[in-house]
Amino acid sequence: METVILFPAIDLKNGQCVRLEQGDMARATVFNLNPAAQAASFVAQGFEYLHVVDLDGAFAGKPVNAQAVKAMLKTITIPVQLGGGIRDLATVEAWLEKGITRVIIGTAAVRDPELVKAAARKFPGRVAVGLDARDGKVAVEGWAETSQVTVLEIARRFEDAGVAAIIFTDIARDGLLKGLNLDATIALADAISIPVIASGGLASIEDVKAMLTPRAKKLAGAIAGRALYDGRLDPASALALIRNAGAA
């Protein structure tokens with residue numbers, strides 16, 4: 001079994017590190033005024049890959065928290081995947097040149113699938129697709145709008161396109177510590193060949209154990225946010241569990 005990656009999440013709003021509930025900008029909790037310090041803290045805890053979202057960028061359709069992202073890139077050396085407001089090839093290219101390891105295309109993957117294909121061709125292994133679902137349908141524009149297409153329909157558009165991963169978020173669970181929607185995530189992973197990363201609701205060590213079971217063998221990883229910030233998930237225990245599973 002390939003080792004799954006547990007990504008700690010930094011969501012950026014007004015240059016600060018926040019967590020939202022169900023993607024609602026009005027329900028934001030500020031966890032750190034200094035995202036670069038938060039990133040350094042995650043590295044110190046042993047994490048090896050960081051997940052960052054420019055929330056303001058997702059609504060604006062272009063990068064908004066670039067200064068905070070650049071400050072993080074100066075502070076840490078682990079790989080960073082970044083989403084939020086990445087809607088054209090120039091933005092993809094600019095972020096990759098600045099040191100982002102992998103960009104996440106969300107809204108544009110629904111509206112402009114050719115952009116994803118072109119970016120994945122030009123930058124193999126460095127483009128992921130973020131699919132955020134409300135009742136199985138993909139939401140766009142920072143989750144403000146729900147489209148009429150299913151996650152699987154969109155994901156299938158990118159088979160053989162060279163996409164590095166699909167990051168699948170269940171909006172109903174996001175930020176609420178209700179546990180990952182593993183059933184839907186595993187069903188998606190089993191239906192496509194692209195690696196799938198679970199996101200939304202990771203609440204405890206039990207979620208980490210669940211994603212290491214044989215039925216979840218196709219999952220490439222999971223994203224942890226609020227559970228890390230409020231101490232419900234102990235990083236050392238979670239990372240040790242993953243390491244031991246990888247060694248088994």
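What follows draws every value from the coordinates through simple rules; no lab data is involved. For clarity, every value in this text was computed on a predicted model and none was experimentally measured. Methodologically, a virtual Cβ is constructed for each residue, glycine included, from the backbone with ideal geometry; neighbour enumeration extends over all protein chains shown.
A few remarks follow.
- With K and R counted +1 and D and E -1, the other residues having a Cβ less than 15 Å from that of residue 203 yield a net charge of -1.
- Close amide-amide hydrogen proximity is noted between residue 21 and 27, each under 5 Å apart and 5 or more residues distant or on a separate chain (H modeled in the peptide plane; Pro and chain starts excluded).
- In order along region 159-164, phi translates into HN-Hα couplings of 4, 6, 8, x, 6, 6 Hz, rounded to whole numbers, per the Karplus curve 6.51 cos²θ - 1.76 cosθ + 1.60 with θ = phi - 60° and x for Gly and Pro.
- About its Cα centre, the dipole of the chain is roughly 360 debye, where the only charges are +1 on Lys and Arg Cβ and -1 on Asp and Glu Cβ.
- Distance from the alpha carbon centroid of region 182-248 to that of region 151-166 works out to 20 angstrom.
- Backbone amide hydrogens, once placed in the peptide plane, bring residue 32 within less than 5 Å of 17, excluding anything fewer than 5 places away on its chain.
- Counting DSSP beta bridges with both ends in the chain, the antiparallel % (nearest 5): 30
- In a reduced charge model with +1 at each Lys and Arg Cβ and -1 at each Asp and Glu Cβ, region 1-128 shows a dipole moment near 220 debye about its Cα centre.
- When semi-axes √(5λ) of the Cα gyration tensor in Å is calculated for this entry, the matching label among (i) 23, 22, 18; (ii) 28, 25, 16; (iii) 28, 19, 16 is (i).
- In this structure, the amide hydrogen of residue 177, modeled 1.01 Å from its nitrogen in the peptide plane, lies closer than 5 angstrom to those of 201, counting only residues at least 5 positions away or on a different chain.
- Residue-wise HN-Hα coupling along region 78-93, computed from phi with Karplus coefficients 6.51, -1.76, 1.60 (Hz; x: Gly, Pro): 6, x, 10, 9, 10, x, x, x, 9, 10, 8, 5, 5, 5, 4, 4
- Lysine-lysine proximity count for region 1-159, Cα under 15 Å, sequence distance 8 or more or distinct chains: 4
- Extreme residue, positive dipole direction of the chain, given options 113, 26, 95 (C-beta unit charges): 95
- Cβ-based charge dipole, the chain, positive-most Cα from 4, 57, 187: 4
- Here the Karplus relation 6.51 cos²θ - 1.76 cosθ + 1.60, evaluated at θ = phi - 60°, turns the backbone of region 228-237 into coupling constants of 6, 5, 9, x, 6, 10, 7, x, 4, 5 Hz, with x for every Gly and Pro.
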